[in-house]
1. How large is the helix-only mean residue ellipticity at 222 nm for the chain, computed as the sum of -39500 (n - 2.57) over DSSP H runs with n ≥ 4, divided by its residue count, in deg cm²/dmol to the nearest 500?
2. Evaluate the relative contact order of segment 109-169 (contact order divided by residue number), counting alpha-carbon pairs under 8 angstrom at least 6 apart; express in whole percent.
3. Over the chain, what percent of the accessible surface lies on carbon and sulfur atoms, probe 1.4 Å?
4. Just need the Rg to Rh number for the chain, please, alpha carbons only, Kirkwood Rh.
5. With θ taken as phi - 60° and the coefficients 6.51, -1.76 and 1.60, list the Karplus ³J(HN,Hα) couplings across segment 33-40 in order, rounded to whole Hz; mark glycine and proline as x.
6. Calculate the dipole size of the chain relative to its Cα centre from +1 charges on Lys and Arg beta carbons and -1 charges on Asp and Glu beta carbons; express the result in debye to the nearest 20.
7. Specify the angular offset, from 0 to 90 degrees and rounded to the nearest 10, of the alpha carbon long axis of helix 22-31 from the longest principal axis of the alpha carbons in the chain.
8. Each residue of segment 3-18 in order: what ³J(HN,Hα) in whole Hz does its phi give by Karplus 6.51 cos²θ - 1.76 cosθ + 1.60, θ = phi - 60°, with x for Gly and Pro?
Amino acid sequence: RLLARGEAVTYAEVAAAPGLPAGDVAGLLAEWPGVYRDAEGAVVGFWGLARDPLDPEYRLQLTGHDRAVYAWCAWDTLFLPAVLGQTLDVTAADGQTGAPITLTVSPHGVERVVPADAVVSFLVPRGRFDADVVASFCHKVLFFANEDNAAAWIAAHPDELFTLSVDDAFEVGRLVTTARYGDALRTGTR
């Protein structure tokens, strides 16, 4: 949630929320994959959420925030609302044509997607992800305006990718985040 402000987050800030020593938090985050830091060591990216855009860009606008933040891939835009407890307006592009794709996603579901036939490419699960999650997963999980646009991308990655509807990709994200964060999502004690 702190990273959703659009600013780098220090270990001290992360530690303050649960009341842990900053050194303990620094040690834990140093061991986790999917945590990116700036030159000063502050967190600028954490499991799908980033202060700065990646390529391709998945721009997230949180209700009531002036500053945008960014997701690492199409799927992140669908599970981050539940993790953050906020509705997000998402701006992305078709992975084949570059045409705009926009969504509004709440913690409870996809409220709007334009175009309505948009799909998400998804990686066949073959094991755990590690520090290279952006390259090994995120760069392959894209939005497409429709199945036809996704076909060439999928064909270039045989036996590795398939498509999901946006609603189905949201549901996969809901299941994963519920399994990972459980009661913290329901109680607001993230």
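1. About -8500 deg cm²/dmol.
2. In percent, rounded to a whole number, it is 50.
3. In the chain, the share of accessible area belonging to carbon and sulfur is 55 percent.
4. Result for the chain is an Rg/Rh of 0.96.
5. My calculation for segment 33-40 gives x, x, 10, 10, 10, 8, 4, 8 Hz in order.
6. 500
7. Once rounded, one gets 30 degrees.
8. 5, 5, 5, x, 10, 4, 10, 7, 4, 4, 5, 5, 5, 5, 4, x
The values are calculated or read from the model by the stated rules, or taken from the named source; none is laboratory data. Quantities reported herein were computed from a predicted structural model and do not represent experimental measurements. Positions of Cβ are backbone-derived with ideal geometry, glycine not excepted, and every protein chain shown enters the neighbour counts. Side chains included, ligands, DNA and RNA excluded: accessible areas come from the protein's heavy atoms. Shrake-Rupley method; radii C 1.70, N 1.55, O 1.52, S 1.80 Å.
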